[in-house]
Structures are given as structure tokens and as C-alpha cells.
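J.: Sharing a structure, written as C-alpha cells. Questions coming.
The values are calculated or read from the model by the stated rules, or taken from the named source; none is laboratory data. Keep in mind that what you see is a predicted model, and the values were worked out from it rather than measured. Using ideal geometry, Cβ is built from the backbone for each residue, glycine included, and neighbour counts are taken over all protein chains shown.
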Protein chains: 2
Amino acid sequence: MFSIRTRAPGSYARTGTLKLAHGEVRTPAFVPLATKAVVKTLEVREAEALGFDMVLGNTFHLFLTPGHELIRTFGGLHEFQRWDKPIITDSGGFQVFSMGHGTVADEIKGRAAQFVGERSGAILGIEEEGVTFRSYLDGSTRFMGPETSMEVQASLRSDIALVFDECTPFHADREYTARSTERTHRWLDRCIAWHAEHGPEGQNLYGIVQGGVEEDLRRASAQEVVAREYLGGIAIGGTLGETKDQMFTVVEWTIEELPEGKPRHLLGIGEVDDLVRGVELGIDTFDCAMPTRIGRHGMAVVPDPEKRWRVDLAKARWKESDEPILDGCPCPSCEPGYSRAYIHYLLKAKEQTAQRVLTIHNLYYLQRLMAELRDAIDEGRLPAAAAAVRAGAAPWELAGAR
Amino acid sequence: MFSIRTRAPGSYARTGTLKLAHGEVRTPAFVPLATKAVVKTLEVREAEALGFDMVLGNTFHLFLTPGHELIRTFGGLHEFQRWDKPIITDSGGFQVFSMGHGTVADEIKGRAAQFVGERSGAILGIEEEGVTFRSYLDGSTRFMGPETSMEVQASLRSDIALVFDECTPFHADREYTARSTERTHRWLDRCIAWHAEHGPEGQNLYGIVQGGVEEDLRRASAQEVVAREYLGGIAIGGTLGETKDQMFTVVEWTIEELPEGKPRHLLGIGEVDDLVRGVELGIDTFDCAMPTRIGRHGMAVVPDPEKRWRVDLAKARWKESDEPILDGCPCPSCEPGYSRAYIHYLLKAKEQTAQRVLTIHNLYYLQRLMAELRDAIDEGRLPAAAAAVRAGAAPWELAGAR
């Protein structure tokens, strides 16, 4: 299901192709979120025109609404959201545990390291069988365990399903992380058992490596996942550290344990510099809310390493600016030549169009970045391309970086 | 600037072409609202792909934000919103007076006939010079009179500007309406005087016929407007009555007074049956918030005369429906085959995409309706086409109605 085309010398980076039930994914690739059966502000099908081969749906959210039973009656998520290219579905573990662990999402991005306790008490119990929680929609008591997650993903008929895991927070101590990781491995086996018997034809199952920031736990978790030959690929999840350096140290420990032949997905990571570093470490696919989320908050991705590759067009300094969103960008949002003043005005007037325009720009930027990195790997010039990105080159300028 | 191609026998209906500074408008035509320099949920340029030749911007809203001075520095509204086809701008009179007259918008649609008094006290004074009001944005005191409106529209550089008028509410008595209409005529002359001296090259000025629902006042107002040869076209505004029959009686009185050679715009009217009747009465262009507004409220335009040509997809009855938005509709929103269940789900999940999808469908429907009515007039089969619409035919079925 995965074939490697080019290996970059002196790096873990590679290009390849994922052959899935609904088509091929060129790797390394960024996978936009269609969490709730829609790429926020777009139609899912628009992701294809932007150059994407796959989108990511979310088991937890779709389980709560509209419900996997309804989606199954439509033949699956592809039919429901009208997208006939590959879909990967997250298992719901991250979302279920986020409700209880508070700032887990922030922690994974390295933004918070303080224990904030349980939030809203949405988790009613974490047990061997699974997790009981209160629905954020209607307050009803719901349960999700490995088999539930697999069943939901079977109903969604995604091309790639992920196993149900516990995403341990950064504030968890070594002992909690160790126990949690062991339970995640038991859940892994239950997911495989369910999937082997009931999984829909053509659906690949990915395992998830956990283990927090402890080297031995990470390596052990990777080895456990690698040992399950049933798995079609391997995802790296959980707390990756407080800093970007720590994050990629954790990724590298994991990569060192993985076989070359299976595809690797890095969960929830998608900043421009992180994508470059992830590619260098041999990650094949990435997903992240960043491009769509910051677009809805008025921010555009731009080649500015000093400003985390983003500019906030909601700021008053753009009120009269005739500067384009990003000079030279060939994306569908930049092509008409909107001024920053116009986008700023639309944001202030709370017109949805601004969020959509920025979402399209941001997604295009990441897609183009990945396409250019693929070309750079295939043409033996990844180091120059990576250095150019870090120095502030736009994706479409990378072909010239040698 | 206006040429008539075909006159429908036994009716006032005609097809023609408005030749404007930024291109041609095929008439009769529906003009989508780009009130605040954006077609809500779309980019303005998308109106072209939907088949529209012109959009309508609003003087009042753009005066308050981002301000006509800013738009002027960009070269006008075309440059600011990146739309190089014709623009008509409403004068702001309707919006200024809506703040004081309360339910004027509802009344114009015949939905309310009761005096509700001043709302929110936003109008601070209506005087011969103009209107002083409080900005809904920041509470600041602002003034708009005929010259202000003309100056704003000159800055916007619209292809068609409308004169500043008072839109009298239905609850106004005959005497108020008479006095108001006379003032509107004095404002008309001030608009013409300003425009003749300062109006941008290529901008056409339309007069507005007022006079409430009193036949003599309407006819007199029409005659006053007709007498101003400077005007490039004539709009019909104000309270048109409590019922659709009364509305079109008022329109017909007006039409009887108008010369054939000048284009006529009917302000704020755009229901499917009203468009057909307006075309039969010789209206050349229409604008209305209906298709975009009901789209944002979850409604799709459908060929159902019993249900005011709309279906509410937010209703629970569509929760599991595999029915398409509208079977057989060739619009960009129906083409992917979304189920009503999917759109219902997106609406409930408050995903903007649903509003956008419905807005596109609704606009396409009205555009296609007008295109088919034009063909019907040109081919001498308007009566059959109009009867088919009233019997529940979709626009794309009209070519077969003979």
C-alpha cells in the first residue's frame, strides 16, 4: 500500500505514494482537516482543486453528530461529504482525553506546561474498557472504547483508520504515562482484533506510538506498534514536549525504531518549520488545524520565520494597506489581488468571506510547500530547499534553491 | 446607454441591454446584493461565474465603514472589491430612513402595516438639508443628504448611482407621504445638480419614484422624475402596499407614466413570482436580499408556489433525507449531489459552508430564471413561461413551456 520512490541522502526524508482504496496520496503530504465532515469555510471537494489528495475526518465528533449510523446509511463518509478521494480518520482518542486532560492540545504544541486539572468534568471515567464521558452537544452520557472507535470508523469507511489510544498530557508523570502507554497497547490489540474481523474491505489500520517524552517509553511503544504486522502504517501521537527541539527529539527516537517500509503519520503538527523538519525526519503525512484555524482568526500564512510564518490581517495596521495578502502567491485567494485593507475590512465587518479567502490561501501555501519539498527530495536538493524555507523563501521560490 | 431588443406583445415586458462603463447588463436581470462590498458568504467575483452581469453596493453602509474616502484611494469600489463588471449603488436613503421608520423593510414586502414608532432613536433629525443619525457602528453622529450621497457614490465610482430619497413607510398618512414626496423631488434636483458638476465620467444617475400607495402621488412622482432628462434611468422605490396585488398595482401606475426608452429598476423586490410579474410589467432590473438572506437562514429556493418558492433545510424533517437540495438543478451547489441530510447537519453544526452552498444555489436559481425569461420574451413565449413558473416549473424547464 506504500511505495517509496526516492530516499534523500543523509536524511530520513523520502518521497512515495500511498495507494489507498479511493486513490493515491503523494507523500510527504499535508492532510487538511475535515473534522466534522467539512473543511471549515470550504466544501470538502475544494481541497482537490487546492492540490490535496486526502482529508482527515474525526471519529469523536462524527460519533456525536450526525452519528456514524446515519453516515453509514449514506454508504460512508465519502458519500456523505461528497469526496471521492482518500480519507484518514482520527480515532477520537485525542478528543475524548482532551476533555479530561484540559490543555492537552496546547501542551502538544508546547504552549503550556502547567497542570490545570479536569475541565468541565466531561470525562466521567477512564477504565480498561474505555472512556465514559458527557457529550458536549446535549450532556448525554456516552462511551467510547477501542471497539467503538473501530466500529465508528468502519461505518465511516475511511481509507485509513487510526487505533484508539490515550493521548497523555505533558503534565502526566512518568508512572501515569507508563501505565497509560501500556493500556494503549492493550487497546491496540483490541482494535486490531475488531478490525481483523469486522473492518471494511480496503481500510488500512494505523497504530499510534505514545510514551510521552520519556525516551525508553517512546522507544518501547514504537517497538510494540512495529511488532503488529497487521498495521498498514504508524502514527506518532501524544505529548511531544515543551519545545520544538524536544518535540523533534521525541519524533527522532520514534523514527529510529520504525521500519522503512511503512508510512508514518505525525498527528496534529503543521507549522511551516515543523513540516520541513518532519519531512527531514521521514514523516510521510501530517495533519493540523493550523491553516484553517488561523485563517478563521484573520491570519495568513506568509514566509516570515520571525513571525511564526503568519500575519494577522485583523490588526489595525492593515486598515489602509494596498499590499496584497502575499505578493507573488499564485493561490486562488491571492490571484484576484485583494488588498490587505479589503481583507481587514471584511474581518472587521464579520463577513465570512474573509475567513474563507484566508483558509484557501493558508491551505494552498502548505500544499504547495509539500509539493515543492517532494520535488526537492526527488531532485536531490532537499537541504537547499529546507534551508531556503527556514531563511524565508516562499514555497514557489524553492525550485530555484540549490 | 439602454437599447431594447424585443418587446413582448400584449405586455410591458421587454429584453434589452444596458451599456455601462464596466460592461453590458442583459435585461431583464436580477442584481445580487454586494451591500458591504461583498456578496455575503461569496467573493464578489463569484457572481460572474453564476451568470450575473452586475451587483449592487450600498452607499449608507460603505459610508460608515470602511468609508468612501478609503475606497476612493483604491480607485473606487470595483478596485476595492475586485469586480470589474457593472455596479449599481443604492443611495442610502432607504437605510437611513429604515432606522427611523422602524419596519419600513417589512412593510415594503407587505408583511406589516402597523405603526411601530421610531426604533432605537437612530435618526436624530430629518430636515430639508438631509438626515442626521447615529451610526450603528460606534454611536457617532453622522449626516447624510443628497450631496453626501452623491459624493459617496462618486467616490465609489459605481456605473449607476441612485438619487437620495426618503422611503416613506406604509403607516405614513397621505399628508406625510405628499410632503415627503415633494421633498424627495427637491432632493432629486440637488442630486442632479451635484452630479452634473462633480459626477464621475461614465456614471449614470437614476431617479427614484416615490409617492406611497396613493395613485395621484405615485403618478405625479413618476412625472416629476420623467421630466428630468438628465437621468439615465428610473427606479421605483418606497412602500408598494400591503399585498402583492397592491404592490403591482402601484408598479403599474408608475410604469404607465414612464417613457419606454429609459431602463427601470424595481428596488428591493426579488421573490420568484414577483420577478415574473415585474418582468411582465416592464421592469428591467431588480435587486433583493432574499436569495442571500434566506440562504444564510438555511433555506433553498425551489419551484414550489405553495411554499413561497422555498424549503427550510434546518427543519428536523430533513435530518435523514437523501433527497438532493433540488433534483435536476444544474447549479454548482447541486452538482456534487449533497443530500438534504448533509446540508441539515452542517446547518445544525453551524458550519458556514452550508450558508455558502445555499446562497450559491439561490442566486443561481434567480439568475437562471431571468435568463430563461429573457429567452422566452425574445422567442415570443413569455405567457407560457410565466404560467409555467406560477405552476411550479423550475427555470431550466421553461424552454419547453410553449
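J.: Consider residue A:391 against the criteria (1) out of contact with any Leu (no Cβ under 9 Å at 6 or more places or on another chain); (2) crowded, with 17+ Cβ neighbours inside 10 Å: it satisfies all of them except one. Which criterion is unmet?
T.: With (1) out of contact with any Leu (no Cβ under 9 Å at 6 or more places or on another chain); (2) crowded, with 17+ Cβ neighbours inside 10 Å applied to residue A:391, the lone miss is (2).
J.: Which ones in segment B:36-47 are in a loop (DSSP other than H, G, I, E, B) and among the acidic types (Asp, Glu)?
T.: Across segment B:36-47, the qualifying residue is only B:43.
J.: Next question. Scan (1) surrounded by fewer than 19 Cβ atoms within 10 Å (Cβ to Cβ); (2) part of a helix (DSSP H, G or I); (3) in contact (Cβ under 8 Å) with a residue 40 or more places away in the chain for the single condition residue A:136 breaks and write down its number.
T.: The single condition residue A:136 does not satisfy is (2).
J.: While we're on this one: So the check is Cβ under 7 Å with 6+ separation or different chains; which pairs have a first residue in segment A:81-92 that's free of Cβ contacts under 8 Å to residues at least 60 places away in the same chain and a second one that's basic (Lys, Arg) and surrounded by fewer than 24 Cβ atoms within 10 Å (Cβ to Cβ)?
T.: Cβ pairs passing all conditions: A:82/A:45; A:83/A:45.
J.: Out of the residues in segment B:142-180 that are among the β-branched types (Val, Ile, Thr) and modelled with pLDDT under 95, state the one that is surrounded by the most Cβ atoms within 10 Å (Cβ to Cβ).
T.: The residue in question is B:168.
J.: For segment B:299-347, give me the residue count where each residue is at positive phi and either in the same structural domain as residue B:268 (by TED's automatic domain parsing) or basic (Lys, Arg) (or both).
T.: Count: 1.
J.: Return yes when residue B:219 is in the same structural domain as residue B:264 (by TED's automatic domain parsing), in contact (Cβ under 8 Å) with a residue 40 or more places away in the chain and basic (Lys, Arg) and no when it is not.
T.: Criteria not met by residue B:219.
J.: Does at least one position in segment B:13-27 carry a residue that is assigned to a loop (DSSP other than H, G, I, E, B), without any contact (Cβ under 8 Å) to a residue 12 or more places away in the chain and touching a strand residue (DSSP E or B) at 6+ places or on another chain (Cβ under 8 Å)?
T.: no
J.: Which of the residues that make up segment B:70-93 are part of a helix (DSSP H, G or I), more than 10 Å from chain A (Cβ to nearest Cβ) and surrounded by fewer than 20 Cβ atoms within 10 Å (Cβ to Cβ)?
T.: Correct list: B:72 only.
Yes/no per residue for (1) over 21 Å from residue A:179 (Cβ atoms); (2) among the polar types (S, T, N, Q); (3) modelled with pLDDT of 80 or more:
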{"residue": "A:64", "(1), (2), (3)": "yes, no, yes"}
{"residue": "A:83", "(1), (2), (3)": "yes, no, yes"}
{"residue": "A:88", "(1), (2), (3)": "yes, no, yes"}
{"residue": "A:91", "(1), (2), (3)": "no, yes, yes"}
{"residue": "A:101", "(1), (2), (3)": "no, no, no"}
{"residue": "A:111", "(1), (2), (3)": "yes, no, no"}
{"residue": "A:127", "(1), (2), (3)": "no, no, yes"}
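J.: List, please: which pairs have Cβ atoms under 9 Å, are six or more places apart or on different chains, and start with a residue in segment A:375-402 that is on the phi > 0 side of the Ramachandran plot and end with one that is of a type in the set (Val, Ile, Thr)?
T.: Listed pairs, sorted by first residue: A:380/A:6.
J.: Select from segment B:237-249 the residues that are without any contact (Cβ under 8 Å) to a residue 40 or more places away in the chain and out of contact with any helix residue (DSSP H, G or I) (no Cβ under 6 Å at 6 or more places or on another chain) and write down the one among them that is nearest to residue B:205 (Cα to Cα).
T.: That would be B:249.
J.: Is it fair to say residue A:272 is closer than 24 Å to residue A:176 by Cβ and touching a Lys or Arg at 6+ places or on another chain (Cβ under 9 Å)?
T.: Against the criterion (closer than 24 Å to residue A:176 by Cβ and touching a Lys or Arg at 6+ places or on another chain (Cβ under 9 Å)), residue A:272 does not qualify.
J.: Then there's this: Being touching a Gly at 6+ places or on another chain (Cβ under 8 Å) and either in a helix (DSSP H, G or I) or not aromatic (Phe, Trp, Tyr) (or both) is the filter here; which residues of segment A:281-292 pass it?
T.: If the condition is that a residue be touching a Gly at 6+ places or on another chain (Cβ under 8 Å) and either in a helix (DSSP H, G or I) or not aromatic (Phe, Trp, Tyr) (or both), then A:284, A:287, A:288, A:289, A:290, A:291 are the ones that fit.
J.: Where residues in segment B:318-356 are in contact (Cβ under 8 Å) with a residue 60 or more places away in the chain and within 18 Å of residue A:41 (Cα to Cα), which of them is nearest to the other protein chains (Cβ to nearest Cβ)?
T.: Here the residue is B:352.
J.: Go through segment B:173-188 residue by residue and tally those that are out of contact with any helix residue (DSSP H, G or I) (no Cβ under 8 Å at 6 or more places or on another chain), in a helix (DSSP H, G or I) and not small (Gly, Ala, Ser).
T.: The qualifying residues number 6.
J.: Can I ask one more? Can residue A:206 be described as surrounded by fewer than 17 Cβ atoms within 10 Å (Cβ to Cβ) and of a type in the set (Phe, Trp, Tyr)?
T.: Against the criterion (surrounded by fewer than 17 Cβ atoms within 10 Å (Cβ to Cβ) and of a type in the set (Phe, Trp, Tyr)), residue A:206 does not qualify.
J.: Would you check which residues across segment B:48-59 are touching a residue at least 60 places away in the same chain (Cβ under 8 Å) and either over 15 Å from the mean Cα position of the chain (by Cα) or in a loop (DSSP other than H, G, I, E, B) (or both) and list them?
T.: If the condition is that a residue be touching a residue at least 60 places away in the same chain (Cβ under 8 Å) and either over 15 Å from the mean Cα position of the chain (by Cα) or in a loop (DSSP other than H, G, I, E, B) (or both), then B:49, B:50, B:51, B:52, B:54 are the ones that fit.
J.: Pick out the one residue from A:278, A:295 that is more than 22 Å from residue A:92 (Cα to Cα), in contact with a strand residue (DSSP E or B) (Cβ under 6 Å, 6 or more places away or on another chain), touching a residue at least 12 places away in the same chain (Cβ under 8 Å) and assigned to a helix (DSSP H, G or I).
T.: Just one listed residue meets the conditions, A:278.
J.: Just checking, does segment A:220-232 include any residue being among the hydroxyl-bearing types (Ser, Thr, Tyr) and at pLDDT 95 or above?
T.: yes
J.: So which of A:25, A:31 ends up being closer than 22 Å to residue A:355 by Cα, away from chain B (no Cβ under 14 Å), among the β-branched types (Val, Ile, Thr) and surrounded by 17 or more Cβ atoms within 10 Å (Cβ to Cβ)?
T.: A:31
J.: Which of the helices (runs of 4 or more DSSP H) contained wholly in segment B:319-402 include at least 1 residues that are among the hydroxyl-bearing types (Ser, Thr, Tyr) and closer than 16 Å to residue B:50 by Cα?
T.: Helices (runs of 4 or more DSSP H) meeting the threshold: B:352-378.
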